[in-house]
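What follows draws every value from the coordinates through simple rules; no lab data is involved. From a predicted model like this one, the values you see are computed outputs, not experimental measurements. Ideal geometry is used to build each Cβ from the backbone, glycine not excepted, and the neighbour counts take in all protein chains shown.
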Amino acid sequence: MYFDDRAQSWDADVSKVERAQAFASKIINFVKLEPSFTAMEYGCGTGLLSMQLRDKFAEIFLVDTSAGMLSVLKQKIEEGGITNFRPTLVDLQQQPAPIGSFDVIFTMMTLHHVADIPSLLAAFWQNMAPGGYLCISDLVSEDGSFHVNDPTFDGHNGFDRAFIGSALVAAGFTVEEYAVYFTLSKMVKNQKKDYPLFLVIAHKP
C-alpha cells in the first residue's frame, strides 16, 4: 500500500510539518475552541496536524486507513507520553455507525485521494455534534502534475472553490471561511512547481 510504504520517512519532509503548522494556526484563530471539545482528524497519517493541536482538545481521534502510518503514530504517542490521542484504523465510508460525536473534524491533503466526496462529507456530518466545525485543507485545482510520479494515483487533481463549496452545502454544512493560505513546492520533471493549498471551514447548524 502506497502510504504504508512511505510511513517511516513521512515526517522527514519539512514542508509537511510547515503546512500542518500553518493549517493548525488557522483552525485555532477561526474556531472558538473549548478545553472540553473532542476532535477527529481524518487521514491523520503520522499525526503531524494533530500534534500541533494536541493541547487544544480533551481528546483527538486520529483516523486513517493506513496501518503503517498509524504504527508510526503510535510510536510517537508512546515516546511523547501523549494521553489524549486515540489512533483508529477505519474507513469512514465503510463504517455504518458513527465512531463518535465530535465538536471539530479536521482533515488535510486527504480529500483528493477520496473518489466519492459526497459520501465522505456525509460521514463527517454523521460523526459531528450539532454546532460542530469541519476544517478541510487540500490542493487548489492543478494540472495533474502533483502526482505525476505516482502511477497508482487515481484521485482528484485538487478542487476549485465552487466545487468544494457546493459539495459542503449539499451535505448540510454552512461554509464560513475559504482562503488560499499556503504554497507547496516540489520538483516535477526537474523543474520546481508551486501548488497552492486552500482551507475551508464549515459549520454544522
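Report the extension gain between Glu18 and Glu176 in nm, rounded to one decimal, defined as 0.36 nm multiplied by the number of residues separating them, less their alpha carbon distance. Provide the component values of the computation, followed by the final result.
Numbers: separation 158, 0.36 × 158 = 56.88 nm, distance 2.41 nm.
Difference between extended and current length: 54.5 nm.
So for Thr83, Thr107, fewest C-beta neighbours within 10 Å to most, what's the order? Each step should come with its number before you reach the end.
Details: Thr83 8, Thr107 22.
Going from least to most buried by this count: Thr83, Thr107.
How large is the Kirkwood hydrodynamic radius of the chain, in angstrom, based on all distinct alpha carbon pairs?
Numbers: mean 1/r = 0.0579 Å⁻¹.
Value: 17.3 Å, from the Cα pair sum.
Express in nm, to one decimal, how much length is gained between Ala97 and Asn84 on full extension, taking 0.36 nm for each residue of separation and deducting their alpha carbon distance. Show your work: numbers first, answer last.
On the way: separation 13, 0.36 × 13 = 4.68 nm, distance 2.25 nm.
Gain on extension, Ala97 to Asn84, equals 2.4 nm.
What size of dipole, in debye to the nearest 20, comes out for the chain about its Cα centre when the only charges are +1 on Lys and Arg C-beta atoms and -1 on Asp and Glu C-beta atoms? Walk me through the numbers on the way to the answer.
On the way: 16 positive and 24 negative charges, 64 e Å.
Approximately 300 debye in magnitude.
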So if a site counts as exposed when it's one of the trypsin sites (Lys or Arg not before Pro), its DSSP state isn't H, G, I, E or B, and it has at most 14 other Cβ atoms within 10 Å, what's the longest stretch of the chain without one? 33-188
If amide H atoms are built 1.01 Å from N in the plane of the peptide, which residues on other chains or at least 5 residues away come under 5 Å of the amide H of Glu177? Ile201
